[in-house]
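The values are calculated or read from the model by the stated rules, or taken from the named source; none is laboratory data. Just so you know, these numbers come straight off a predicted model, no measurement behind them. Neighbour counts run over all protein chains shown; Cβ positions are idealised from the backbone, glycine included. Remember, those area values only see protein heavy atoms, side chains included, never the ligands or the DNA or RNA. Shrake-Rupley method; radii C 1.70, N 1.55, O 1.52, S 1.80 Å.
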Amino acid sequence: MRPWVSAIRNENGVVLPLALFFLVIMTTFLLAFLSMSGSEPAAAANHARSGSALYAAEAGIAHARDALVGANINALLAGGGQLFNAQAFGTGNYTVTVANNFGAALPPGETADPGGANNDTDGILVLTSTGTFQGATRQVQVLISNTTQSQFQNAVFADVGINMSSTSGTDSYNSKLAAYNAATAGSNGSIGTNGNITLSGSVTIKGDASAGGTVTAGAGMVSGTTHSAAALRTLPDIICPVGFTSSVPSGAGISYNAATGALSVSGGHNVTLPYPAGGAYHFSSISLSGGSTLTMSGGGQHVDIYVDQTLSVSGGGIVNLTALPTALTVWACGANTNAWTVSGGSGAYFGLYAPNHQVTVSGAGDIYGAIVADVDVESGGSHVHYDQALALQTTPGGKYAAVPGTWRER
């Protein structure tokens, strides 16, 4: 039988008792364990701080999507694009910048905006959010898109029908690229309805004509294609804001009752409305007569005008000093069905959404923007110059959404 081993010789030839050898081995394991037990809490703490920084960065993206609703995007881009700087989030913070999908800010595989770095024409932006928490930093980047489809997809759309006569017509341009120019106007001034389209006289539609019913038009009136039995569209009602506008500037010919919300301007006078608190005015009715005008001087910011019952603009007009249809929208709110009358002119830049009202565009004045109505009636040479930029404009309460597949950590 082999004798029991009581000693072992190390690599240097030194004989060590077996018990001492095992003591050395166990001590080595113990020291290693103690080292690991000290580093693991530190690693866990670093992981927790990094995760909190990521949560802060993601919170910045969510906040930015809300903050961009109704914002002057081009002014923001031109000013450097910083939306939030060290915005507090718990005991951390986030910094968010917005850029156009152009040049260096463009993620791989995405198409650049033709408008350039400071001119958003496609409704797609790049958000970069940097979250910080107790010294840890994480950054995420995502493309966002204005996916709330605007109701202004045509120069004119009507629920029940469209009737155009005389020398009326449509064409198109994009206010985010250039001002309207008749010599270079485009052919995207399409019209559509869930009912029938009737064109007579010398009407010229530079675009398509689509009807849920039938299209009646003479030869050459429609530059694009005509579609009968087209798919129907739903035109949702707009909820009226609570309470009417508290006051408007006073002056000759101006009458306003804050209790009833009725505004009237007569005798060829003008009422100029400054940018309102909250970005919106709310009236029960607006009446402009005798060549009177309503001028909107919103300072370049978007303004919404809500009207419950009647809009009557005859001989004058609504004047938008920005000359940008995207800066002013007139919304018919509620379920009232009174007929509306609108006259165009050199300052008539707006989108008009009135799906429960017959809208008659009177006179030979032009409207730069778009019209949605229950029935659209145009005669006397009136024209709608469709601003394609309105197709990317959110409806009230709409906001940007992340473009699938573009969320990444940097």
Practice item. Please provide three numbers in whole Å: the alpha-carbon extents of region 103-198 along the principal axes, with the largest listed first. Key: 70, 32, 22
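Using the Cβ atoms and a cut-off under 12 Å, what net charge is assigned to the surroundings of GLY192, where Lys and Arg are +1 and Asp and Glu are -1?
Values: positive: ARG233; negative: ASP159, ASP208, ASP376.
Spelling it out: positives minus negatives among the neighbours equals -2.
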**Study point:** Å² per residue, accessible surface of the chain at 1.4 Å
**Key:** 46
Point to revise | List TRP340, TRP407, ordered by accessible area with a 1.4 Å probe, largest first | key: TRP407, TRP340
Exercise for review: Could you work out the Kirkwood radius for region 274-410, taking every pair of different alpha carbons, averaging 1/r and inverting it, reported in Å?
Suggested key: 15.6
Study note, to complete from the structure: Amide H neighbours of THR295 at under 5 Å, excluding residues fewer than 5 places away on the same chain, with H built from the backbone geometry, are VAL271, THR272, LEU273, VAL319
Review point. For the chain, what ratio Rg/Rh do Cα atoms give with a Kirkwood hydrodynamic radius?
Key: 1.30
Point to revise | Structure-based [θ]222 nm, the chain - -39500 (n - 2.57) summed over DSSP H runs of at least 4, per residue, nearest 500 | key: -5000 deg cm²/dmol
Review point. So for SER250, SER264, SER172, what's the accessible-area order with a 1.4 Å probe, most first?
Key: SER250, SER264, SER172
Check your understanding: So for region 130-269, what are the equivalent ellipsoid semi-axes in whole Å, largest first, each being the square root of 5 times an eigenvalue of the Cα gyration tensor?
Key -> 37, 30, 18
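Considering only DSSP beta bridges whose two residues both sit in the chain, what percent are antiparallel, to the nearest 5? The partial results should precede the final answer.
Details: 35 of 113 bridges.
Counting only bridges with both partners in the chain, antiparallel ones make up about 30 percent.
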Exercise for review: For the chain, give the magnitude of the charge dipole about the Cα centre (Cβ charges: +1 Lys/Arg, -1 Asp/Glu; no others), in debye to the nearest 20.
Suggested key: 1240
Exercise for review: Please report how far the C-alpha centroid of region 216-285 lies from that of region 170-201, rounded to the nearest whole angstrom.
Suggested key: 20
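Leaving out ligands, DNA and RNA, what percent of the accessible area of region 209-309 is carbon and sulfur, probe 1.4 Å?
Numbers: 2550 of 4710 Å².
Carbon and sulfur: 54 percent of the exposed surface of region 209-309.
How large is the Rg to Rh ratio of region 224-277 when both quantities use alpha carbon positions and Rh follows Kirkwood? Working shown, then result.
Details: Rg = 19.0 Å, Rh = 15.1 Å.
Taking Rh as the inverse mean 1/r over Cα pairs, Rg/Rh reads 1.26.
Count the net charge of all other residues whose Cβ sits under 15 Å from the Cβ of GLN358, scoring Lys and Arg as +1 and Asp and Glu as -1. Present the calculation step by step, with values, prior to reporting the outcome.
Details: positive: none; negative: ASP159, ASP374, ASP376, GLU378.
That sum, taken over residues with Cβ under 15 Å, equals -4.
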